[in-house]
Amino acid sequence: MAVDGRYHSGSKLKCATTVFSGEANVTASVVYPVVYGLLTNHLLIEDSESEMVATFKTAVSDSPKRRLMLNDDTVISKPAVIAAALDPRHKQLKFLSRAMRCAAKEHLYQLLSLS
C-alpha cells in the first residue's frame, strides 16, 4: 500500500516535470499554478497514508513552499507570477489568496503604466 501512495505522488511529479520541460510552450507562466496544484492537491498528507508516504510528501513539498513563498507579499513581483497574470490560461491567479490576487493585478497595472 505504501508503494501505491508513492507511485501516485511520483506520477504527478513526473507530469509536472514534463510540463516544465516542454519546448513547445512558454513555461514561466505555469510554474506557480502547477506547483500550487501539486502542493494543494497531490502532496497533502492523508490520514490513511503510511508514514513512509507522508515523509516522502513532506520532503518533496518543503522546498517549493520555501522557494516560491506563496504567502509572502513580495511574490507579486516575481517574473513567473507576472507571466501567469499575462497568460490567458492562468490570469485568474487562483494560486494566490484573494488579497494577493488584487495586489498582483495592481502591480501588473503599475508595470504597464510605466511603458
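The values are calculated or read from the model by the stated rules, or taken from the named source; none is laboratory data. If you're wondering where the values come from, they're calculated on a predicted model, not measured in any experiment. Glycine gets a Cβ as well: all are built from the backbone with ideal geometry, and neighbour counts include every protein chain shown.
Considering only residues that are of a type in the set (A, V, I, L, M, F, W, C) and surrounded by 15 or more Cβ atoms within 10 Å (Cβ to Cβ), look in segment 46-58 and name the one that is nearest to L68 (Cα to Cα).
It comes out as F56.
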Taking first residues from segment 93-105 that are in a helix (DSSP H, G or I) and second residues anywhere that are polar (S, T, N, Q), the pairs with Cβ under 9 Å that are 6 or more apart or on different chains are M100/N71; R101/Q92; A104/S77
Out of (1) among the hydrophobic types (A, V, I, L, M, F, W, C); (2) over 20 Å from L108 (Cβ atoms); (3) touching a residue at least 12 places away in the same chain (Cβ under 8 Å), what's the single condition that is false for A59?
(3)
Is at least one residue of segment 25-44 at pLDDT below 65, crowded, with 18+ Cβ neighbours inside 10 Å and within 27 Å of V75 (Cβ to Cβ)?
no
